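Inspection log for the structure reproduced underneath, given as structure tokens.
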Amino acid sequence: MIASYEFEFCQVQVYEDYVISIMNEGVVVSPEFIIKMSFIAKKHFKNKDFLYISHRVNSYALNPLAYFKVNEISNLIALAVVSKDPKQKMQSSLEKTFFEKEFRQFDTLKEALEWKDEIIKAN
């Protein structure tokens with residue numbers, strides 16, 4: 001791990017070519033949250049592609065408009081959602097329609113990291 005951040009709405013772990021976020025219980029993720037988190041992309045991945053993994057261990061809501069801000073992060077090449085929760089799976093299916101790049105849902109973090117390796121290698 002390169003760095004770790006704790007925001008009022010989530011925790012983020014930064015690795016060489018990806019980040020893992022865990023949102024806090026009950027949060028509603030808004031476009032403003034994405035703006036705050038985009039500094040991580042600028043700081044740690046300035047001239048490098050990376051993948052975002054949303055590890056959904058807590059229950060929270062996401063404003064789909066947040067994806068308009070996420071799509072503005074040019075070096076973010078893919079997004080993975082990790083959850084076995086049927087509600088989260090249904091929500092991620094909806095979110096996929098708002099994200100303009102590679103997007104996949106996984107049951108385990110291990111599966112998401114294996115996919116991350118494929119995506120990074122392909123790019």
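The values are calculated or read from the model by the stated rules, or taken from the named source; none is laboratory data. Worth saying up front: this structure is predicted, and the values here are computed from it rather than measured. Here the Cβ is made from the backbone with ideal geometry for all residues, glycine too, and neighbour counts use every protein chain on show.
Quick notes
- The range 1-115 holds helices (runs of 4 or more DSSP H) entirely within its bounds, and those carrying 3 or more residues that are among the hydrophobic types (A, V, I, L, M, F, W, C) and either at pLDDT 95 or above or surrounded by 15 or more Cβ atoms within 10 Å (Cβ to Cβ) (or both) map to 31-44.
- Applying a threshold of 8 Å to beta carbon distances and a minimum spacing of six or more residues, or different chains, the list of pairs starting in the range 10-33 at a residue that is in contact (Cβ under 8 Å) with a residue 12 or more places away in the chain and at positive phi and ending at one that is hydroxyl-bearing (Ser, Thr, Tyr) and in a loop (DSSP other than H, G, I, E, B) reads GLY26/SER59; GLY26/TYR60.
- Complete set of residues in the range 19-52 that are closer than 18 Å to ALA3 by Cβ and of a type in the set (Gly, Ala, Ser): SER21, SER38, ALA41
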